[in-house]
Amino acid sequence: MPNEEKLRHSWRLHPSLILEQIGAVEHYYEEQARRGLVLESVGGWFDCFAHTAPCEMRYRAEPALPGEREEADWDRRQFYQDAGWNYLGTASNLHFFASPADSGAEELHTDPQDFAPMFRRQRRMNFWYSLIYSLLMLAILPLIFLSYPPEPRDWVCLVWILFCLLVMLPGLIRDGRWLFQKRWQHLPAIDHRAKIPRGITLRARPLAALFTLTVVIAANLLFSGSDRMGFAPVSAAQDGQLVLTLAETDGSDLLSYNYPLLDRENNTFRVTFAPSGYWFYESDESAKTPSGAVVQLSLERASCRSEKMAKWVFEQMLDRYDWMDDKTSLAVPGFDEVLHWGGEPGRIGWYFVRSGNQAVFFYYEGRMEEEDLLALLAEHLADAQQTA
Amino acid sequence: MGYSGGPMTEAMYYILLALLEPSHGYRLMQAVGEVSGGRVKMGPGTLYGALARLEEDGLICRVGERDTRRKTYALTESGRAALETEITRLQAMLADFERMKGGVQDAE
């Protein structure tokens, strides 16, 4: 080994391959030494190389014993040292040793069957990981499609997930066949000069990172689909229609849009905040009724695709306004649920209303009688329902 | 599964044979080569796997200072008895073979 002082060092990704390619890993390190990069230590993620003159080195990887036999492993390292090999470190359950090619260190050959438990364990882990991942993705895809119409950005994610599934499929089949045929019982001798796979340091870990990213994307898609389940998409709305104000914001990011009401001059909808996972709109409108009464409404309304979803949103509304104690339940024809809180009914107060697949919360201050007010609301909701 | 007194594997037999004199890992590997006349070459993986099993079975034990990284192994009384039993078994097998071989030659 060249003089280690004043040597320049560099770090490279540790090869992470299936264990049967141990011979290729050893060969890879030997090739690096020929290029002037002598391995000094190995780590789980990075290897440290010293820049030296090109030289001939030999490297050997040995399976590490399970953790409870660490003491015995120390003995084994000593064994290699006695035989003229230097211990470089342990990574991926492998001890790495090095010796200059001309050192005369005794060649030590490990029976490939000694690797069998490790090989089998790794193959089984890969197989089950791939299988569970694939099944999970396949289960998520229909859920996303059933929950709501995917948006263009969702299509990109879906295509990405399908691509990853296709990439994973050959490995899944390969590992499955290896396990089914019990190939760990007949392992070939380790070829220390095995061909070095292309991208030996880049294959496994970035791939794992990409798959992790895919899981995150899929989870987001799933949550997004779950959140939107039952709501009409924003793109389906038209200007001036109640349904258009399906806000997609979260509580920390207040948004406010003003949409002109086409059929009611001087009226506006103000789309305001929505807690994460809960879409609704709030509108302030002042309108003259056919009888000339001025109605002032502060309205939140969720137009849902199902009655079940509307019940859920209705519960959310009640939760958000749980500080309103002792709400009065009213039986009003045409509505499934009506709760009133505060003030004189029909003059001032807050109303929680659920009708079919619509959930509404509004504040009213005006001169209308409660019966007329709710009749107006029913008309309002019917219009909105037809529009949607 | 522990050693039940049946036939030994080649690795077990030669390790016990080499440990008639206490030895440590690397020296033991060389000793196995020597006592087998170079016929048996044992890699570190096989050697340490066999050592772990023999120690679990109580046929060998560590001797000397336990805080050094180089561990010296020696036969236990059970190990010595197991080795003698195995040698007796092998001798009996060889005698059987010789007797059979002699019988066949007489018949010819």
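On the given criteria, is A:Met125 in contact with a Leu (Cβ under 8 Å, 6 or more places away or on another chain), over 24 Å from B:Leu28 (Cα atoms) and of a type outside the set (Gly, Ala, Ser)? Let's see the steps before the verdict.
Working: in contact with a Leu (Cβ under 8 Å, 6 or more places away or on another chain): no; over 24 Å from B:Leu28 (Cα atoms): yes; of a type outside the set (Gly, Ala, Ser): yes.
So A:Met125 does not fit the description; no.
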- Query: Quick one: in the range B:31-60, which of the residues that are touching a helix residue (DSSP H, G or I) at 6+ places or on another chain (Cβ under 9 Å), under 20 Å from A:Asp73 (Cα atoms) and surrounded by fewer than 17 Cβ atoms within 10 Å (Cβ to Cβ) is farthest from the other protein chains (Cβ to nearest Cβ)?
  - Reply: B:Gly58
- Only one of A:Pro112, A:Pro150 that is within 36 Å of the chain's Cα centre (by Cα) and modelled with pLDDT under 85: A:Pro150
- Somewhere in the range B:8-20, is a residue within 14 Å of another protein chain (Cβ to nearest Cβ), surrounded by fewer than 18 Cβ atoms within 10 Å (Cβ to Cβ) and free of Cβ contacts under 8 Å to residues at least 40 places away in the same chain? yes
- Message: For the range A:22-67: of the residues being part of a loop (DSSP other than H, G, I, E, B) and either open to solvent by less than 10 Å² (accessible area, probe 1.4 Å) or touching a residue at least 60 places away in the same chain (Cβ under 8 Å) (or both), which is farthest from A:Ala83 (Cα to Cα)?
- Response: A:Trp45
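Taking the residues in the range A:293-308 that are at pLDDT below 75 and under 17 Å from A:Asn357 (Cβ atoms) as candidates, determine which candidate is surrounded by the most Cβ atoms within 10 Å (Cβ to Cβ).
Step one: filter the range A:293-308 for residues at pLDDT below 75, giving A:293-306.
Now narrow it down to the ones that are under 17 Å from A:Asn357 (Cβ atoms): A:299-306.
Details: A:Leu299: 22, A:Glu300: 21, A:Arg301: 24, A:Ala302: 26, A:Ser303: 28, A:Cys304: 23, A:Arg305: 15, A:Ser306: 13.
Result: A:Ser303.
Being more than 13 Å from every other protein chain (Cβ to nearest Cβ) and on the phi > 0 side of the Ramachandran plot is the requirement here; does A:Ser41 meet it? Full working, then the answer.
Numbers: more than 13 Å from every other protein chain (Cβ to nearest Cβ): yes; on the phi > 0 side of the Ramachandran plot: no.
Against the criterion (more than 13 Å from every other protein chain (Cβ to nearest Cβ) and on the phi > 0 side of the Ramachandran plot), A:Ser41 does not qualify.
Which members of the range A:103-119 meet the condition of being outside any helix (DSSP H, G or I) and closer than 30 Å to A:Lys182 by Cα? Show your work before the answer.
As a first pass, look at the range A:103-119 and keep what is outside any helix (DSSP H, G or I): A:103-111.
Selection gives A:Glu107, A:Leu108, A:His109, A:Thr110, A:Asp111.
Could you count how many residues in the range A:75-92 are away from chain B (no Cβ under 13 Å) and either surrounded by fewer than 18 Cβ atoms within 10 Å (Cβ to Cβ) or in a strand (DSSP E or B) (or both)?
So the first thing to find is which residues in the range A:75-92 are away from chain B (no Cβ under 13 Å), and the list is A:86, A:88-92.
Add one more test, that the residue is either surrounded by fewer than 18 Cβ atoms within 10 Å (Cβ to Cβ) or in a strand (DSSP E or B) (or both), and what stays is A:86, A:88-91.
Counting residues in the range A:75-92 that are away from chain B (no Cβ under 13 Å) and either surrounded by fewer than 18 Cβ atoms within 10 Å (Cβ to Cβ) or in a strand (DSSP E or B) (or both) gives 5.
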- Message: Need the failing condition index for B:Ser4 against (1) more than 14 Å from chain A (Cβ to nearest Cβ); (2) modelled with pLDDT of 85 or more, just the number.
- Response: (2)
- Query: Looking at the range A:178-202, which of its residues are closer than 23 Å to A:Arg58 by Cβ, touching a helix residue (DSSP H, G or I) at 6+ places or on another chain (Cβ under 7 Å) and surrounded by 10 or more Cβ atoms within 10 Å (Cβ to Cβ)?
  - Reply: A:Leu187, A:Ala189, A:Ile190, A:Asp191, A:His192, A:Arg193, A:Ala194, A:Lys195, A:Ile196, A:Pro197, A:Ile200
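Given the criterion at pLDDT 90 or above, hydrophobic (A, V, I, L, M, F, W, C) and out of contact with any Lys or Arg (no Cβ under 8 Å at 6 or more places or on another chain), identify the matching residue among A:Ala61, A:Ala53.
Working: A:Ala61 fails: at pLDDT 90 or above.
Step by step, each of A:Ala61, A:Ala53 is checked, and only A:Ala53 is at pLDDT 90 or above, hydrophobic (A, V, I, L, M, F, W, C) and out of contact with any Lys or Arg (no Cβ under 8 Å at 6 or more places or on another chain).
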- A:Thr110 within 11 Å of chain B (Cβ to nearest Cβ) and among the polar types (S, T, N, Q): yes
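Would you confirm whether or not the range B:81-99 contains a residue that is surrounded by 12 or more Cβ atoms within 10 Å (Cβ to Cβ), farther than 21 Å from A:Asp114 by Cβ and touching an Asp or Glu at 6+ places or on another chain (Cβ under 9 Å)? Steps first, please.
We begin by selecting, within the range B:81-99, every residue surrounded by 12 or more Cβ atoms within 10 Å (Cβ to Cβ); these are B:81-83, B:85-87, B:89-90.
So of that shortlist, the ones also farther than 21 Å from A:Asp114 by Cβ come out as B:81-83, B:85-87, B:89-90.
Narrowing further to those that are touching an Asp or Glu at 6+ places or on another chain (Cβ under 9 Å): B:82.
Yes.
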- Message: Please go through (1) modelled with pLDDT under 75; (2) open to solvent by less than 80 Å² (accessible area, probe 1.4 Å) for A:Phe145 and return the number of the only condition it doesn't satisfy.
- Response: (2)
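The values are calculated or read from the model by the stated rules, or taken from the named source; none is laboratory data. Please read all numbers here as calculations on a predicted model, not as lab measurements. Positions of Cβ are generated from backbone atoms using ideal geometry, with glycine treated the same way; all protein chains shown enter the neighbour counts. Accessible surface areas use protein heavy atoms only, side chains included; no ligands, DNA or RNA. Shrake-Rupley method; radii C 1.70, N 1.55, O 1.52, S 1.80 Å.
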